[in-house]
Amino acid sequence: MTLWLTIIAMGLVTYAIRLSLILLLGRVEVPPIVREALRLVPPAVLTAIVFPELLRPGGTFDLSLGNARLLAGCLAALVAWRTKSVLLTIAVGMAALWILQAM
């Protein structure tokens, strides 16, 4: 029972924090420099999640042609840049990863 109460309490705390920011930002004019900085947060977070997996598979730094994740990631980045299609990027990246891992 204590576990469920803790989970529910933390959910409520998280919800309250997010709601307070939404209500606050709805009433206060955000300076342009802050707005610009907030616009850059999602790409920074995505980069922080993805790059370690591409560059350090298995926990060791690997920039070789034997790094299937890095090669598939580069191919996916190229597809994303050329097509701007999220679904095609995911499909090509996953297919490339599976093929490279099978080789």
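Rg/Rh for region 18-76 to two decimals, with Rh computed the Kirkwood way over all alpha-carbon pairs.
Numbers: Rg = 18.1 Å, Rh = 14.3 Å.
Dividing the radius of gyration by the Kirkwood radius yields 1.26.
Only Cα pairs within less than 10 Å get springs; with that Gaussian network setup on the chain, which residue of P42, P52, P31 has the largest fluctuation?
Judging by the Gaussian network model, the answer is P31.
Give me the angle, in degrees from 0 to 90, between the Cα long axis of helix 2-27 and the longest principal axis of the Cα atoms of the chain, rounded to the nearest 10.
Roughly 80 degrees, rounded to the nearest 10.
When mean projected area of the Cα convex hull in nm² is calculated directly from the model, which label among (1) 7.9; (2) 11.3; (3) 9.9 fits?
Structure-derived value, by its label: (2).
Quick check on the chain: helices-only [θ] at 222 nm, where DSSP H runs of length 4 and up contribute -39,500 (n - 2.57) each and the sum goes over total residues. Nearest 500, please. Provide the component values of the computation, followed by the final result.
On the way: 5 runs with 82 residues, N = 103.
So the calculated ellipticity at 222 nm is -26500 deg cm²/dmol.
Taking all protein chains in place and a 1.4 Å probe, what share, in percent, of the accessible surface of region 10-52 do carbon and sulfur account for?
Working: 3050 of 3890 Å².
Summing carbon and sulfur atoms, their accessible area is 78 percent of the total for region 10-52.
Which of these, L55, L40, L21, has the largest mean-square fluctuation under a Gaussian network model of the chain (Cα springs below 10 Å)?
L21
Tell me, what is the per residue accessible area of the chain in Å², probe radius 1.4 Å?
Working: 8530 Å² over 103 residues.
Solvent-accessible surface per residue comes out at 83 Å².
Most fluctuating residue of V86, V50, V41 in a GNM of the chain with Cα springs under 10 Å: which is it?
V86
Determine the relative contact order of the chain: mean sequence separation of Cα pairs under 8 Å and six or more apart, normalised by residue count, in whole percent. Intermediate values should be presented prior to the final figure.
Details: 40 pairs, mean separation 15.8, N = 103.
Reported as a whole number, the value is 15 percent.
The values are calculated or read from the model by the stated rules, or taken from the named source; none is laboratory data. If you're wondering where the values come from, they're calculated on a predicted model, not measured in any experiment. For the accessible areas, the whole protein counts, side chains as well, though only heavy atoms, and no ligand, DNA or RNA atoms are used. Shrake-Rupley method; radii C 1.70, N 1.55, O 1.52, S 1.80 Å.
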